[in-house]
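The values are calculated or read from the model by the stated rules, or taken from the named source; none is laboratory data. Remember, it's a predicted structure, so these values are computed and weren't measured experimentally. Don't worry about glycine lacking a Cβ; one is built from the backbone with ideal geometry, like all the others, and counts go over all protein chains shown. Heads up: the accessible areas ignore ligands, DNA and RNA and are worked out on the full protein's heavy atoms, side chains in. Shrake-Rupley method; radii C 1.70, N 1.55, O 1.52, S 1.80 Å.
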Amino acid sequence: RHENNTTMKFSMLAIAATVMAAGVNGFAGTPLKTGRSFALSQSALKMSTAVDVDKKAALATAANEARGLAMDSIAAAHSGHMGLPLGAAEIGSVLYGSQMSYNAKDPQWINRDRFILSAGHGSMFIYSWLNIAGYDLPMEEVKNFRQHHSMTPGHPEFPNSEHN
């Protein structure tokens with residue numbers, strides 16, 4: 001297992017913020033190292049539900065953020081397609097926010113999940129999520145969507161000398 005395995009950067013922060021805002025000091029129960037069974041208290045179950053609700057809210061917020069990036073970048077380029085980035089934003093938030101295993105700081109990590117987008121006209125979808133997930137795709141490059149020599153071409157091809 002890779003030590004630096006991370007998921008989308010917002011999800012853990014949102015969960016931590018929820019726990020802190022709720023005043024939860026951790027799960028109530030018997031510590032596992034005593035050998036006795038681990039029992040969750042009613043407050044721990046409420047916290048679990050609150051965290052689940054907050055995670056859903058964080059994923060919805062991330063989906064809206066990805067939509068905003070797509071709309072702004074496509075409008076600035078005066079070119080591109082909004083259908084896939086806007087319509088599949090929730091899919092991206094679930095994949096990058098809770099389902100996929102990846103490490104944005106080590107994109108070649110051997111055990112990472114791979115996302116393949118074959119709809120080149122919807123490339124702003126992947127650029128939005130790579131930026132939000134913390135990959136080395138700076139906001140300046142996202143803003144340069146479909147511009148000559150940018151890291152964000154309209155129909156990315158791999159390998160491409162202009163795309164990392």
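Selection of the range 110-125 for residues being within 19 Å of Ala75 (Cα to Cα) and of a type outside the set (A, V, I, L, M, F, W, C) yields Gly120, His121, Gly122, Ser123. Being open to solvent by less than 60 Å² (accessible area, probe 1.4 Å), without any contact (Cβ under 8 Å) to a residue 40 or more places away in the chain and out of contact with any Gly (no Cβ under 7 Å at 6 or more places or on another chain) is a property that holds for Ala60. When Leu40 is tested against (1) at pLDDT 90 or above; (2) of a type in the set (A, V, I, L, M); (3) open to solvent by 60 Å² or more (accessible area, probe 1.4 Å); (4) not in a helix (DSSP H, G or I), just one condition goes unmet, and that condition is (1).
Consider the range 68-103. How many of its residues are free of Cβ contacts under 8 Å to residues at least 60 places away in the same chain and either on the phi < 0 side of the Ramachandran plot or in a helix (DSSP H, G or I) (or both)? Count: 19. Somewhere in the range 75-92, is a residue β-branched (Val, Ile, Thr), out of contact with any Leu (no Cβ under 7 Å at 6 or more places or on another chain) and modelled with pLDDT of 95 or more? Checked against the condition, which is being β-branched (Val, Ile, Thr), out of contact with any Leu (no Cβ under 7 Å at 6 or more places or on another chain) and modelled with pLDDT of 95 or more, the range 75-92 yields at least one hit.
The residue of the range 145-156 that is nearest to Met71 (Cα to Cα), among those that are in contact (Cβ under 8 Å) with a residue 24 or more places away in the chain and surrounded by 14 or more Cβ atoms within 10 Å (Cβ to Cβ), is Phe145. Out of Ser73, Ser79, one residue alone is within 19 Å of Lys143 (Cβ to Cβ), open to solvent by 20 Å² or more (accessible area, probe 1.4 Å) and polar (S, T, N, Q). It is Ser79. Considering Ala89, Ala119, Ala104, the condition of being buried (at least 16 other Cβ atoms within 10 Å of the Cβ), touching a helix residue (DSSP H, G or I) at 6+ places or on another chain (Cβ under 6 Å) and not charged (D, E, K, R) is satisfied by Ala89 alone.
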